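Quick note: the coordinates plus some simple rules give every number you see, no bench work behind them. Note that the coordinates shown come from a computational prediction; the quantities given were computed from them, not determined experimentally. Quick reminder, even Gly has a Cβ in these numbers, built from the backbone with ideal geometry, and neighbours come from all protein chains shown.
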Amino acid sequence: MTALLEVEGLKKHFVADRSVFGRPTAFVKAVDGVSFTVEAGKTLALVGESGCGKSTVSRLVLRLIEADAGAVRFEGRDLGTLGADQLRAFRRDAQIIFQDPYASLNPRMTVSQILTEPLILHDLVPPARRRERVEELLRLVGLEPRFARRYPHEFSGGQRQRIAIARALAVEPKLIICDEPVSALDVSIRSQILNLLRDLQDRLGLAYIFVSHDLAVVKHIANRVAVMNLGAIVETADAQALFAAPRHPYSRALLSAIPVPKPQAKRSRIVLQGEMPSALNPPSGCRFHTRCPYAIERCRAEVPPLVADTAGHATACHRIAELPAAEAILPHDGAFSPVLEKLVAAFSGGTEGAGPGGVDIVGTPTAV
């Protein structure tokens, strides 16, 4: 299958300090040589610790910030060569949902104005049909058309995120970047938003880049996962393969930290020693070697390439063939987040705002 989005060798270094003459003297290497692909109708999750460069990658893909090096191709077009008019046309095909629904909506605009703005900007709907289109978008995300006259401060967090999703859908995109879209929401509301995103993907054939630090959420929604560490991808694989048998020591440490609400579950928590290195001065060689229990001299001197096997499972580790089996480190499949999975099942098909005044459902199902 031809990739919808191809990212190759993407780099972004931010100036952290300058000399008295204004010359840059220190850089934060936020993204340093990232490559991946996203297929139409599929979800790629970018995961890793805070500060690893996930959100920066999402903004580079949309050219909200400019890359220092590398290429981003959407349907075969190099986005770096697009002029202003062509870039605006591309923005119809690729949208973003930001993390904070309280900050991503203009407080001085009604919901109707928020959803009408992209329709006017891209000249998608004639004026006579715009109100009808706004009502269609609200129904699509599980909100009532009467909410169109309200302002963002009149909604709960989950409802605001639904409005943000409706705004992204207004221009009928092919790709949506979800930058931590549920991290600011209650667990019960989070499950509803995840169900909504999956339902929209099935109905509209959307592709997602899902940026998250919550691996339980990623396990539920992603088709493929890319694990980032200090601006570089260290492992990519199908979601099922990665959660069943992660290969890179960093991926194993991340997965072992997932809370398991089963006191009797057998597992071995991997506790990394030392502090996370700074992106101002990343370690030489493998960037994980300062915290890796398997590091050898080669890891300190040579950057490991990201090498894929025949199944498409790629790992950047010199000692991949010598590491112990992952099954001895991680809990059994299904033990990662039963609470989240039960919440998703319990709230499947439900919508917020069903009660008077559009109040969210915030209770926890008794089945959990």
Connecting every pair of Cα atoms under 10 Å apart in the chain and solving the GNM, the largest mean-square fluctuation among 172, 132, 322 falls on 322
Filtered hits (aspartates and glutamates, Cα-Cα < 18 Å from residue 11, offset >= 8 within chain) -> 32, 66, 68, 78, 235
Honestly the chain on the Cα gyration tensor test (a ≥ b ≥ c root eigenvalues; a/c under 1.5 rounded, otherwise a/b vs b/c for prolate or oblate) is just oblate
At the level of C-alpha centres, the distance separating segment 45-100 and segment 108-159, in angstrom, is 25 Å
Between the Cα axis of helix 130-140 and the main Cα principal axis of the chain, the angle (0 to 90°, nearest 10) is 50 degrees
Two pseudo-spin positions, 7 Å from Cα along C-beta at residue 149 and at residue 257, lie apart in nanometres by 4.9 nm
By the Cα gyration tensor axes a ≥ b ≥ c (a/c under 1.5 gives rounded; else a/b larger than b/c gives prolate, otherwise oblate), the shape of segment 127-207 is oblate
Taking chymotrypsin sites (Phe, Trp or Tyr not before Pro) in a DSSP loop with at most 16 other Cβ atoms within 10 angstrom as exposed, one finds the longest site-free stretch of the chain at 103-293
The relative contact order of segment 131-206, taking Cα pairs under 8 Å that sit 6 or more residues apart, comes to a percentage of 27 percent
If one compares the long axis through the Cα atoms of helix 157-169 with the longest principal axis of the Cα atoms of the chain, the angle in degrees, nearest 10, works out at 90 degrees
Nearest 10, in degrees from 0 to 90: the angle of helix 338-347 to the longest Cα principal axis of the chain is 10 degrees
Quick calc, residue 71 & residue 129: beta-carbon distance into FRET formula, R0 51 Å, rounding 0.05, result 0.85
Yeah, segment 15-91 with a ≥ b ≥ c from its alpha-carbon gyration tensor (a/c under 1.5 is rounded, else prolate when a/b outruns b/c, oblate otherwise) is oblate
